[in-house]
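I have placed the structure first, in the form of structure tokens, so that the comments after it can refer back to it.
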Amino acid sequence: MPVINGTGHYLADRSDLPGRMRAALSAGQPQAAALLAHNLISTAGALGAMLLSDQARALQQAIDAGQIERYAPLLDALAVEHRIVGEALQAYLATPAATV
């Protein structure tokens, strides 16, 4: 059951993660956005969302390298995948098998 509990926690705690990253970048706090991306790398990987994990890694690397022109397109792609993963996790949790 730890995966299910972790899934629910992910949905509750990280639903606005792309928005929080975007807000940090807009506020001139790239390291805050990089930390959020860093945390998402392992969390997404643990959930099996490898594309999302890879996108978070790419964003963190761009931030760490100061590649400002890459922030928006990377974050846009990450936001789309984040939404897809969130919807898939919600659908999974809504199935009877998820509560067994």
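Key figures for this structure:
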quantity: Spin-label model distance (nm) - MET50 vs GLN31, 7 Å beyond Cα toward Cβ; calculated: 3.3 nm
quantity: C-alpha center-to-center spacing [the stretch 29-50, the stretch 62-94] in angstrom; calculated: 10 Å
quantity: nm² value of the averaged projected area, convex hull over the Cα atoms of the stretch 2-99; calculated: 5.6 nm²
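Values quoted throughout were computed directly from the atomic coordinates according to the rules given, and no laboratory measurement underlies them. Not measured: the values here are computed from a predicted model. With ideal geometry, Cβ positions are generated from the backbone for all residues, glycine too; neighbour counts draw on all protein chains shown.
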